[in-house]
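Contents: one structure, followed by commentary.
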Amino acid sequence: MEDSEKRLFVVYADSMTSALDVPKRLPKGGKLVYFLKGQAGPVDKEDPSKLITCHDLSSDALQHLDRVVRDVYLPLLTNPSN
């Protein structure tokens, strides 16, 4: 992205295409990954993680939440060494 004012970059996982805006609706079973800048302006090339965050989004939000809780949070919370 050359335009430093753009704050969103979307990658559609099913078709591996990209866009600069969020779709109105994802196809059933669709998933996307998006990168969001915290503010407009250029990104520091040395440490872009200061300004950019990465997220994912699924067309079935409840199923996605269930998977994240089951596969990420539950193992962390039930691990005796944590």
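The values are calculated or read from the model by the stated rules, or taken from the named source; none is laboratory data. Computed from a predicted model, the values in this text were never measured in an experiment. No Cβ is skipped: glycine too gets one built from the backbone with ideal geometry, and neighbour counts run over all protein chains shown.
Brief remarks follow.
- Only a single item in (1) in contact with an Asp or Glu (Cβ under 9 Å, 6 or more places away or on another chain); (2) on the phi < 0 side of the Ramachandran plot; (3) part of a loop (DSSP other than H, G, I, E, B) is not met by residue 29, and it is number (2).
- Selection within the stretch 32-54 - of a type in the set (D, E, K, R) and within 23 Å of residue 12 (Cα to Cα): 37
- Within the stretch 12-42, if we keep just the residues that are surrounded by fewer than 16 Cβ atoms within 10 Å (Cβ to Cβ) and among the aliphatic types (A, V, I, L, M), the residue that is farthest from residue 61 (Cα to Cα) turns out to be 40.
- Filtering the stretch 34-82 to residues that are of a type outside the set (A, V, I, L, M, F, W, C) and in a strand (DSSP E or B) leaves 34, 37, 53, 55, 56, 58.
- Within the stretch 55-81, if we keep just the residues that are hydrophobic (A, V, I, L, M, F, W, C) and modelled with pLDDT under 90, the residue that is nearest to residue 12 (Cα to Cα) turns out to be 57.
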